[in-house]
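J.: Please find one structure pasted underneath; my questions will follow.
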Amino acid sequence: MISLKFIEVGYNTPLLSANLSLELGNLYALVGKNGSGKTTLLQSIIGMIPTIHGEIILDEKSIHSMSNLERAQKIAFVETKFMGINFLTGFEYVAIGRTPYTNALGRLSDRDKMQIAKSLEIVGITHLSGKHTTRMSDGERQLLQVARALAQETPYILMDEPTAFLDYSNKRNLIEKLKKIAHEEQKCILLSCHDLEICLENNLPLLIVSESEKKIEFRNNAAKEEILKLAFS
Amino acid sequence: MMIVHVLSGQISLNFSDIVSAFNTYDATNTNHIIFFEFRIPRMTMSILSGSALAVSGMLMQTLFNNPLAGPYVLGINSGASLIVALTLLTGIPFFATDFGLISGALVGALLFGSIILFFSFYIRSHISLLLIGLMISSFVGAIITTLESMSAAEQLKSYTFWSFGSLQQTSLNQLPLIIFGCIVGFLGSFLLTKPLNAMLLGETSAKSLGIHIRSFRIWIIAITALLTGTITAFCGPIAFVGLAIPNLTRMIFQTQNHQYLLLGNLLIGGIFMLTCDTIIQLVEPYFVLPINAFTSLFGAPFVVYIVLKKLI
């Protein structure tokens, strides 16, 4: 469980406050205006930016008291876009997700290789393992990022607008796949997203950045009008 | 390649000279002396300089996430050059010793490595960082030109020769120090291959994978400074090897795994400089080709090729 205990996030002045918990087995969507602090909140949860106030607890331990390595074994982070890197294959890319577990020289053990294969299989992209990341489509690379996060074998995965550069059908596929993974693999996945319709279609529990109060409101099964009023008016 | 290199040169040696030099060394035999005192150091320096600069280039390119980075372009060579210029042109006695020269060049490389690292915190754009590197180089160039205009003819000559780049100024007794510096640098790089791989995904991702970014950066700069500083102190500023070879290695090995890339850079860097120097030795009877000019003759068109092929 991730508990955000009366936190205020921001760089110098508080941008956003939140007080809620996220459970394993669910896919949560974080929605709100551009510049409302979604990315800042995600980066605070992974410990990249210190919180101004309050505490973030991962399984009964404050993230600020964890080492980089401990945190990396608990929480995986996926950035908005992966552009692909020359000569880097899908397998090599997903293998980087094993970094928190390999020895000082980064040698892959049998268990590491098994986990990489399993992650590729769960996402359904085993056929991409030999393909160069620069020759993949945006949709393929986005799925590859998910596989990398799974290879990191963490209970929690945070994704910053993973659907931003995808076409409509890829957006739907990705969200549906993530929901299934969260449920079947018992992971807690939190993603920021601007595709409200797709989130509602999948009945995702929503974290809404309230425009007037600069605060995260939690809604399960909310009507679209209410969300629009809360976040965008 | 090593044997071809050793056998080429103004005074011709043949294979039996080498064999006999190893078996029964004769201190009065000129060929034996040439072999041990000149050819061996020159061959070793060719390999080491190529490997060290290629590895430095690889480290810089991954650290800054920029395939056009390299110790020369980012002005790390300039740091070493500045100290050497101060040494040769002003004649401070401490720097005149081998150890003084190496440590001077090292401090210079480290200082300028830190400067470019400092700028990289504030500048996200690849092109801007390269521009800053170029500005640092020309700034240092201006200081050196000023020093040159004030110094005596004899000192000016020795500095100018140094700046041409040369693999033959090293003597047999300086070799152990250089080999030691390079080996420490290579082993250090080998220990960094894991964070280097993670760094491919950018800083935020690398950090979320548990990499301690700050100490990683410091180590990269320290190792680059050690390798570049040592080579620059003895061979002069050698351009383009650090930029071109890592790209060539990636193309040949078709991988981004730094364990392979490191070995590839050691190998291809060494072979490249050995080939360059063999050609220089072969044309030596007709005209003198400075190594710095020669690597640029190869390197500059190669960089244009990389840009045209859109490999960056």
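The values are calculated or read from the model by the stated rules, or taken from the named source; none is laboratory data. Being a predicted model, the structure only gives us computed values, none of them experimental. We place every Cβ from the backbone using ideal geometry, glycine too, and count neighbours over all the protein chains shown.
J.: If a residue has to be out of contact with any strand residue (DSSP E or B) (no Cβ under 9 Å at 6 or more places or on another chain), more than 9 Å from chain B (Cβ to nearest Cβ) and in contact (Cβ under 8 Å) with a residue 12 or more places away in the chain to count, how many in segment A:54-82 make the cut?
T.: Summing the residues that are out of contact with any strand residue (DSSP E or B) (no Cβ under 9 Å at 6 or more places or on another chain), more than 9 Å from chain B (Cβ to nearest Cβ) and in contact (Cβ under 8 Å) with a residue 12 or more places away in the chain in segment A:54-82 gives 1.
J.: Which condition does residue B:34 not pass, out of (1) touching a helix residue (DSSP H, G or I) at 6+ places or on another chain (Cβ under 7 Å); (2) buried (at least 16 other Cβ atoms within 10 Å of the Cβ); (3) of a type in the set (A, V, I, L, M, F, W, C); (4) over 30 Å from residue B:202 (Cβ atoms), if it passes all the others?
T.: (1)
J.: Mind listing whichever residues of segment B:163-221 are part of a helix (DSSP H, G or I) and polar (S, T, N, Q)?
T.: Pass one, segment B:163-221, residues part of a helix (DSSP H, G or I): B:163-164, B:172-191, B:193-199, B:203-208, B:213-221.
Correct list: B:163, B:173, B:174, B:189, B:193, B:197, B:204, B:205, B:208, B:215.
J.: Would you pick out the residues in segment B:206-218 that are of a type in the set (Val, Ile, Thr) and either within 14 Å of chain A (Cβ to nearest Cβ) or in contact (Cβ under 8 Å) with a residue 40 or more places away in the chain (or both)?
T.: Step one: list which residues in segment B:206-218 are of a type in the set (Val, Ile, Thr), which gives B:211, B:213, B:218.
Passing the criteria: B:211, B:213.
J.: Further question: On the given criteria, is residue B:230 under 14 Å from the mean Cα position of the chain (by Cα), closer than 18 Å to residue B:73 by Cβ and away from chain A (no Cβ under 14 Å)? Spell out how you get there, then give the answer.
T.: Numbers: under 14 Å from the mean Cα position of the chain (by Cα): yes; closer than 18 Å to residue B:73 by Cβ: no; away from chain A (no Cβ under 14 Å): yes.
No: the conditions fail for residue B:230.
J.: While we're here: What number of residues within segment A:174-227 are of a type in the set (A, V, I, L, M, F, W, C), in a loop (DSSP other than H, G, I, E, B), over 20 Å from residue A:4 (Cα atoms) and touching a strand residue (DSSP E or B) at 6+ places or on another chain (Cβ under 9 Å)? If you could, list the steps in order and put the result at the bottom.
T.: Narrowing segment A:174-227 to residues of a type in the set (A, V, I, L, M, F, W, C): A:174-175, A:178, A:181-182, A:188-191, A:193, A:196, A:198-200, A:204, A:206-209, A:216, A:218, A:222-223, A:227.
Applying the additional criterion that residues be in a loop (DSSP other than H, G, I, E, B) yields A:193, A:204, A:222-223.
Next, only the ones that are over 20 Å from residue A:4 (Cα atoms) stay: A:222-223.
Narrowing further to those that are touching a strand residue (DSSP E or B) at 6+ places or on another chain (Cβ under 9 Å): A:222.
Going through segment A:174-227 one residue at a time, the tally reaches 1.
J.: List every residue pair whose Cβ atoms sit under 8 Å apart, with the two residues 6 or more apart in sequence or on different chains, where the first one lies in segment A:141-155 and is more than 10 Å from chain B (Cβ to nearest Cβ) and the second, anywhere, is of a type in the set (S, T, N, Q) and outside any loop (DSSP other than H, G, I, E, B).
T.: A:141/A:133; A:142/A:170; A:144/A:133; A:147/A:119; A:150/A:119; A:151/A:115; A:151/A:119; A:153/A:115
J.: Could you look through segment B:228-284, keep only residues that are of a type in the set (D, E, K, R) and assigned to a helix (DSSP H, G or I), and pick out the one that is farthest from residue A:96 (Cα to Cα)?
T.: Only one residue tops the list, namely B:277.
J.: Counting only residues that are in a helix (DSSP H, G or I) and basic (Lys, Arg), which one in segment A:96-118 is farthest from the other protein chains (Cβ to nearest Cβ)? Working first, answer last.
T.: In the first step, residues of segment A:96-118 are kept if they are in a helix (DSSP H, G or I); the result is A:96, A:110-118.
Of the ones still in play, those that are also basic (Lys, Arg) are A:111, A:113, A:118.
Details: A:111: 17, A:113: 14, A:118: 18 Å.
That would be A:118.
J.: Let me ask another. I need the full set of residues from segment A:51-66 which are at pLDDT 90 or above and part of a loop (DSSP other than H, G, I, E, B), in order please.
T.: A:51, A:52, A:59, A:66
J.: When you scan segment B:279-312, how many residues do you find that are of a type outside the set (Gly, Ala, Ser), within 16 Å of residue B:67 (Cβ to Cβ), surrounded by 12 or more Cβ atoms within 10 Å (Cβ to Cβ) and modelled with pLDDT of 80 or more?
T.: Total satisfying the criteria: 3.
J.: Within segment A:15-35, restricting attention to residues that are surrounded by fewer than 16 Cβ atoms within 10 Å (Cβ to Cβ) and more than 16 Å from the chain's Cα centre (by Cα), which residue is modelled with the lowest pLDDT?
T.: A:35
J.: Consider only pairs whose beta carbons are under 6 Å apart and that are at least six residues apart or on different chains; among these, list those whose first residue lies in segment B:256-276 and is within 14 Å of another protein chain (Cβ to nearest Cβ) and free of Cβ contacts under 8 Å to residues at least 12 places away in the same chain and whose second residue is surrounded by fewer than 22 Cβ atoms within 10 Å (Cβ to Cβ) and part of a helix (DSSP H, G or I).
T.: B:260/B:253
J.: Consider segment B:193-205. How many of its residues are within 9 Å of residue A:99 (Cα to Cα) and more than 7 Å from chain A (Cβ to nearest Cβ)?
T.: Residues flagged as within 9 Å of residue A:99 (Cα to Cα) and more than 7 Å from chain A (Cβ to nearest Cβ) within segment B:193-205 amount to 1.
J.: On the given criteria, is residue B:171 out of contact with any His (no Cβ under 9 Å at 6 or more places or on another chain), surrounded by fewer than 15 Cβ atoms within 10 Å (Cβ to Cβ), polar (S, T, N, Q) and in contact (Cβ under 8 Å) with a residue 40 or more places away in the chain? Working first, answer last.
T.: Numbers: out of contact with any His (no Cβ under 9 Å at 6 or more places or on another chain): yes; surrounded by fewer than 15 Cβ atoms within 10 Å (Cβ to Cβ): yes; polar (S, T, N, Q): yes; in contact (Cβ under 8 Å) with a residue 40 or more places away in the chain: yes.
Here the answer is yes, as residue B:171 does meet what is asked.
J.: From the list B:221, B:238, B:245, which one is over 30 Å from residue B:97 (Cβ atoms), more than 10 Å from every other protein chain (Cβ to nearest Cβ) and not acidic (Asp, Glu)? Show your work before the answer.
T.: Numbers: B:221 fails: over 30 Å from residue B:97 (Cβ atoms); B:238 fails: over 30 Å from residue B:97 (Cβ atoms).
On inspection, the qualifying residue turns out to be B:245.
Yes or no, residue by residue, for (1) of a type in the set (Gly, Ala, Ser); (2) crowded, with 22+ Cβ neighbours inside 10 Å:
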position	(1), (2)
B:57	yes, yes
B:81	yes, yes
B:86	no, no
B:105	yes, yes
B:112	no, yes
